[in-house]
Structures are given as structure tokens and as C-alpha cells.
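Notes follow the structure.
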Amino acid sequence: MKHGYWIRSVAVTGTVAILMSGCSMLGLGEKKAIDEPPPNSLEQQTAKSLEETYLTAQTNQTNQNSNVSPTQSQTAQTQGALTVYAKDTKGLVAPITLHGPQTPASAKIALEYMVQGGPAQAQLPKGFSSLLPEGTKVDVTIDKQKVATVNFSKELLNYQAADERKIVEGIAWTLTSFPTVEKVQFKVDGKDLKQMPKAKLPLDGPVNRTMGINLEKTDGLDYGQTTAVTVYYMNQTDASYKYYVPVTRLVARTDDIPKAVMDQLIQGTSNTKGLSSPVNAKTKVIGQIKPSDGLLTINLSKEILNDQGKAPVEALNAIILSLTENTNMSKVQLMVNNNIQFASSDNKNYSKPVTRPIELNATKL
């Protein structure tokens, strides 16, 4: 699958419009250039500021033939387990795997579980809230091209402007967790939704994970020379509930996406919203992260180990989640100091390649 992760700049009447061009998710595949937007296009009309154009480009990149690989994004969407996205106390969007009745998981049920006052509201971790406005009803159809068309009732539009992008992100990331869904088309009362009404987030076409999530901008970067990577950090509620949060960051343009991912994970965050990296900041990646036949091999220095000489499972999961999220690779071979045999805090054997965790931030219904 090809993904739109490159960003280039185009001068637009004295401001900068940032566009996403089609390339492989990891920069490991063929790159494709895209044409500049025509006069009076949506990109030009919305290029009032760098912030606005950045957010617009992140959404509009879905028009550049970008898809999400099911092996890369799949999480628990099975009978008795359902992964949905909700908002935490800091306003970040995070996945929550709910365990509930033994009913077959479906895209429709997942969205119904995201409605305020719906069947899952009371079971969300303390401090979390559902993303979809109360009373929202949904109907979902999925075609052979793996596009999920969601027809919402008008109640979807009863939201605060500050939550607009969070709602779109949550819907897109929830539905693309299903292996049968790669893109999401929005409708309200049977009509195509071309633009969200409050903050005017454009929805020119189906959206997917390449729009990013919990976007972070890095100061001092030329946004025309950047690459987007999504990294899984940790957060914690006042009730000591620890959970993973995916964050999309722009970094200096690079062809070595695995390295960029690990650099951001090891570097950590600004901690302005309680986020932290579970990976020791002294950890180093030994040599290159090598891709081969759907597998990434990463060799970590001994600093990944804790005081007990074990690799924390939170750090290992963050590495696996982050690397597979940004690549078409479905498995990761972990090594510590050139050795596939190492101790971990969950006492599991990591000597063989592992896939991304099936459940994220699991709770019980």
C-alpha cells in the first residue's frame, strides 16, 4: 500500500500551503509527486495561516491515493473485544479496547460505542469521554474497495469546534482498525459531508490514518521539508491508569523512517500534556533498522533494560506499535545488545518476531 507521508511547500498568495504527496509509508517504496492545486482550490482558499494549511493538508492527503495497510493498523475488533478511540482529560485521542458481550464486532457497533451516553460511556477509564455527540445514530456500509461509508444522523454536528478534528481522527482510526476498512467516507442524513461545519475541516474525499492523530508541530522546521511519523507515547490518569497515545509529528525530511520513529520515541515529548516515552532516553539503536519480507529487525543497546535487567514491556510495545504504524511491516524482531535472548518485565519470549499488540489500553465492559 502507498501512503501520503511526504510534505512539500507551495507558495500561495504570500502564505505557504503544505501538501502531502503520495509515497510509501516508510519511504521504502516508490515515491510519486503530485500536482500543485489549481487556482481557487480548497488548499488555496484555506491557506490563511501555516497552522490552518498544515491541518488542511493532513486531511486532504487522502486524495493522493493513500491507503492504510490492514496488517499495519489492525487491532482488537473481534467477538467480545472492540477497540474504539476516546478523548482523555488532556484532550488527546487514544485507543481503548473494550471487553464486552459476546456479540460479533462490527464497524457500526464500534461507532455506537463512541457515542456520548452510549453503551460504553460508563466503562471508559476515569477521565475519558466519548467523542461522538449524544444521540448520534450511524449506519455503515463497506464496499469492495474497503471504503466505509458512514451515514450519521444530524446529531453528529452538535459538537464544540475544538473537538472537530478529534472527532474525525477518532472515527477514521477506529474504523481503519478493521482489516476490511482502509478509508472512511462521511455522510450526514444521506448527503456527503464535504466540510465539517464548525472549524471548517475539509472532507473532500475519504479519510484514513494518513491524516495523522494528535498532531504536533516542531519549532524551527521548514514545513516544506518534513516527513510525518506517528509515535506511541504513554500517559497516565489521576487514577494511575496508564495508556498509550499515538502522536503524529513532523520531522526533518528523511528516507529512513524507522530511524526517525525511534529518534522521536527515544527523544520523548515536551510533556505539556502529561505524555512521556517509556523508552529510556539513553537507549541507542545499534546499526540500522533492517526491513525484510514484512519484518523489521531492531537492535537496541543495553540501556533499554531497567534496574532489574529487564526490558520494560511498555517500552517494547511502544517500539512495536510505533514501527508497525509507520511501515507496511507486520512483524518486529527485537534484539538487545546483539542478542535475541533477553529478559523482559512481562517474562515473555521475544526471541522470535512479534506482531503489534492486539489490544490497546484494554478495559472491561
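The values are calculated or read from the model by the stated rules, or taken from the named source; none is laboratory data. Since this is a predicted model, take the numbers as computed values, not measurements. All Cβ positions, glycine included, derive from the backbone under ideal geometry; neighbour counts span all protein chains shown. All accessible areas refer to the heavy atoms of the entire protein, side chains included, with ligands and DNA or RNA removed. Shrake-Rupley method; radii C 1.70, N 1.55, O 1.52, S 1.80 Å.
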Being over 17 Å from VAL147 (Cβ atoms) and either in a strand (DSSP E or B) or under 16 Å from the mean Cα position of the chain (by Cα) (or both) is the filter here; which residues of region 192-228 pass it?
GLN195, PRO202, GLY212, ILE213, ASN214, LEU215, GLU216, LYS217, THR226, THR227, ALA228
Output the number of the condition that LEU323 fails; it satisfies all remaining conditions of (1) in contact with a helix residue (DSSP H, G or I) (Cβ under 7 Å, 6 or more places away or on another chain); (2) assigned to a strand (DSSP E or B).
(2)
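When the residues of region 286-304 are filtered to those that are open to solvent by less than 50 Å² (accessible area, probe 1.4 Å), among the aliphatic types (A, V, I, L, M) and not in a helix (DSSP H, G or I), which remaining residue is farthest from THR355 (Cα to Cα)?
Just the residues of region 286-304 that are open to solvent by less than 50 Å² (accessible area, probe 1.4 Å), to begin with: 289, 294-301, 304.
Checking which are among the aliphatic types (A, V, I, L, M) leaves us with 289, 295-296, 298, 300, 304.
With not in a helix (DSSP H, G or I) added as a condition, the list becomes 289, 295-296, 298, 300.
On the way: ILE289: 16, LEU295: 9, LEU296: 10, ILE298: 14, LEU300: 18 Å.
Among those that are open to solvent by less than 50 Å² (accessible area, probe 1.4 Å), among the aliphatic types (A, V, I, L, M) and not in a helix (DSSP H, G or I), it is LEU300.
Of the residues LEU82, LEU111, which is assigned to a helix (DSSP H, G or I), surrounded by 23 or more Cβ atoms within 10 Å (Cβ to Cβ) and over 15 Å from the mean Cα position of the chain (by Cα)?
On the way: LEU82 fails: assigned to a helix (DSSP H, G or I).
Testing whether each residue is assigned to a helix (DSSP H, G or I), surrounded by 23 or more Cβ atoms within 10 Å (Cβ to Cβ) and over 15 Å from the mean Cα position of the chain (by Cα) leaves just LEU111.
Being of a type in the set (Lys, Arg) and at pLDDT 95 or above narrows it down to one of LYS290, LYS242, LYS282, LYS217, so name that one.
On the way: LYS290 fails: at pLDDT 95 or above; LYS242 fails: at pLDDT 95 or above; LYS217 fails: at pLDDT 95 or above.
Matching residue, one of LYS290, LYS242, LYS282, LYS217: LYS282.
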Only one of GLU359, GLU314 is open to solvent by 50 Å² or more (accessible area, probe 1.4 Å), under 23 Å from THR237 (Cβ atoms), modelled with pLDDT of 95 or more and not aliphatic (A, V, I, L, M); which?
GLU314
Can you find a residue that is in contact with a strand residue (DSSP E or B) (Cβ under 9 Å, 6 or more places away or on another chain), closer than 30 Å to LYS154 by Cα, open to solvent by less than 30 Å² (accessible area, probe 1.4 Å) and in contact (Cβ under 8 Å) with a residue 40 or more places away in the chain anywhere in region 225-245?
yes
Subset of region 114-152, residues touching a Leu at 6+ places or on another chain (Cβ under 6 Å), closer than 17 Å to PRO95 by Cβ and polar (S, T, N, Q), comes to GLN123
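Listed here are the residues, each with its yes/no results for (1) open to solvent by less than 40 Å² (accessible area, probe 1.4 Å); (2) over 25 Å from LEU275 (Cβ atoms).
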{"site": "ASN306", "(1), (2)": "no, no"}
{"site": "GLY309", "(1), (2)": "yes, yes"}
{"site": "ALA318", "(1), (2)": "yes, no"}
{"site": "ASN326", "(1), (2)": "yes, no"}
{"site": "VAL332", "(1), (2)": "yes, no"}
{"site": "ASN339", "(1), (2)": "no, yes"}
{"site": "SER345", "(1), (2)": "no, no"}
{"site": "VAL354", "(1), (2)": "yes, no"}
Is it the case that ALA148 is among the hydrophobic types (A, V, I, L, M, F, W, C) and either within 30 Å of SER240 (Cβ to Cβ) or open to solvent by 70 Å² or more (accessible area, probe 1.4 Å) (or both)?
no
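Would you point out which residue out of PRO246, PRO278 is within 19 Å of GLU359 (Cα to Cα), part of a loop (DSSP other than H, G, I, E, B) and of a type outside the set (Phe, Trp, Tyr)?
Among PRO246, PRO278, only PRO278 is within 19 Å of GLU359 (Cα to Cα), part of a loop (DSSP other than H, G, I, E, B) and of a type outside the set (Phe, Trp, Tyr).
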